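Following: one structure in structure tokens, then a few remarks.
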Amino acid sequence: PDDTASLVRWTGMVKKLKNFLETAFQVEIAEDRIEAEIRETNRKNRIMDRFFDFLACHPPSIHWRELYDVIGLDHVTNSEELRHLMEGITLRLNERIAGGIFFGFHDSPRVLVSGCPIGGDAGKVLQIIDEAGGVIVAL
């Protein structure tokens, strides 16, 4: 973020995308709208980052099925809706931790699943990891 050349390149790519979308959909996109959407996305990313901090627990306090469900929320909510949902989820996770409820064991293999499609049969892959004693901490 501190490299001027990178910022210039990124800004150029955003403008290129804007031009493409305006042409493809025959609309005009205001500059302030782009900035507003970037700010909204950044707010949602900060909310999700706090959720992902729970996955740093050894063992984690989140089951892979919950992780799977929650990661899709930011695509279907605005930041205020997401914040409200995540407050409730955070409360439950803190209660879990206080109650000593975790998934897997302290020495369970921690697994990052990458390149696996989300949806459909992906759950089978995640279930196999779970049954083999691994804990999924990132998708």
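The values are calculated or read from the model by the stated rules, or taken from the named source; none is laboratory data. This structure is a prediction, so every number in the text was calculated from the model and none was measured. Please note: Cβ atoms are built from the backbone with ideal geometry, for glycine as well, and neighbour counts cover all protein chains shown. SASA here: full protein model, heavy atoms, side chains in, ligands and nucleic acids out. Shrake-Rupley method; radii C 1.70, N 1.55, O 1.52, S 1.80 Å.
Filtering the range 74-91 to residues that are exposed (fewer than 13 other Cβ atoms within 10 Å of the Cβ) and among the charged types (D, E, K, R) leaves Glu80, Glu87. All conditions in (1) modelled with pLDDT under 90; (2) within 15 Å of Met48 (Cβ to Cβ) hold for Gly119, with the sole exception of (2).
Restricted to helices (runs of 4 or more DSSP H) entirely inside the range 6-102, those with at least 2 residues that are among the acidic types (Asp, Glu) and modelled with pLDDT under 90 are 31-53. Annotation note: of Arg50, Arg92, Arg43, Arg39, the sole residue that is among the charged types (D, E, K, R) and more than 30 Å from Val14 (Cα to Cα) is Arg92. Has the range 60-73 got at least one residue that is under 30 Å from Lys18 (Cα atoms), within 16 Å of the chain's Cα centre (by Cα) and open to solvent by 50 Å² or more (accessible area, probe 1.4 Å)? Checked the range 60-73: no residue is under 30 Å from Lys18 (Cα atoms), within 16 Å of the chain's Cα centre (by Cα) and open to solvent by 50 Å² or more (accessible area, probe 1.4 Å).
Is it true that Ile128 is part of a loop (DSSP other than H, G, I, E, B), loosely packed, with under 14 Cβ neighbours inside 10 Å and among the aliphatic types (A, V, I, L, M)? No. For the range 103-112, the criterion of being charged (D, E, K, R), over 15 Å from Phe52 (Cβ atoms) and over 20 Å from the mean Cα position of the chain (by Cα) is satisfied by at least one residue.
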